[in-house]
1. Here are some residues: 76, 26, 106. Which one is of a type outside the set (S, T, N, Q), farther than 19 Å from residue 148 by Cβ and surrounded by fewer than 20 Cβ atoms within 10 Å (Cβ to Cβ)?
2. Residue check: is residue 54 surrounded by 17 or more Cβ atoms within 10 Å (Cβ to Cβ), closer than 25 Å to residue 205 by Cα and not basic (Lys, Arg)?
3. For segment 106-118, what are the residues that are in a helix (DSSP H, G or I) and at pLDDT 90 or above?
Amino acid sequence: QANLPFVGAYVAQEKGFFQEQGLTVKIEHSRTSGEEFRFLVAGEVQITTADAAVVLERRSGDPPVPVVAVALIGQKGQQGFAVLADSGIQTPKDWEGKTAGYKGSKPTPDYLAIVDAEGVDRSKIEEVRVGFEPQVLTEKKVDVLAVFLSNEPDTLARLGYQVRTFDPADYGVPTLGLTYVTSESYLQEHPDIVQRFLKAVLKGIYY
């Protein structure tokens, strides 16, 4: 996934920027979207990345998830929605009667906001959870697919498929960038480590 928070961590690891800050960092990958919050709260990881809109959603949940965004990278969200160019789907209203695939445990706030803004009858959409392989769209297992705009439309194009994308910002949905996130308890107990981590990853991004 081509996003700056990931880049910052990978580069900081490879170039020794974590070591410069006196940190030993192990980078792990979650198998499904959303489980990183569970790992964070359980103390199995100390810092993760997340879309800002999702962090706000988790913070305002019932019960609220005790996580804190400590850096916002970029001003625009990474998620959009793709359909095959020859699908006949021109507007979000055309999602009605179709199958929409989402990553994570449930549809994202951006998706719900588009549906609301465009007067789409959500009850007429079959929403299914999918993984991270964009081929579910090309194999027509879904008609609408939540994608990372930074790389998945390009991946589909390289596979020989032209797609039409829907960017939430085009429908008046105020998206935000991506964040580095930690738990409230870890931030309170180890503010110096969080600060040194941020110095290293920001140096990685600048690099």
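1. Of the residues listed, the single one that is of a type outside the set (S, T, N, Q), farther than 19 Å from residue 148 by Cβ and surrounded by fewer than 20 Cβ atoms within 10 Å (Cβ to Cβ) is 26.
2. Answer is yes for this residue.
3. First pass over segment 106-118, keeping only residues in a helix (DSSP H, G or I): 109-117.
Within segment 106-118, 111, 112, 113, 114, 115, 116, 117 meet the criteria.
The values are calculated or read from the model by the stated rules, or taken from the named source; none is laboratory data. Everything quoted here is computed from the prediction, not taken from an experiment. No Cβ is skipped: glycine too gets one built from the backbone with ideal geometry, and neighbour counts run over all protein chains shown.
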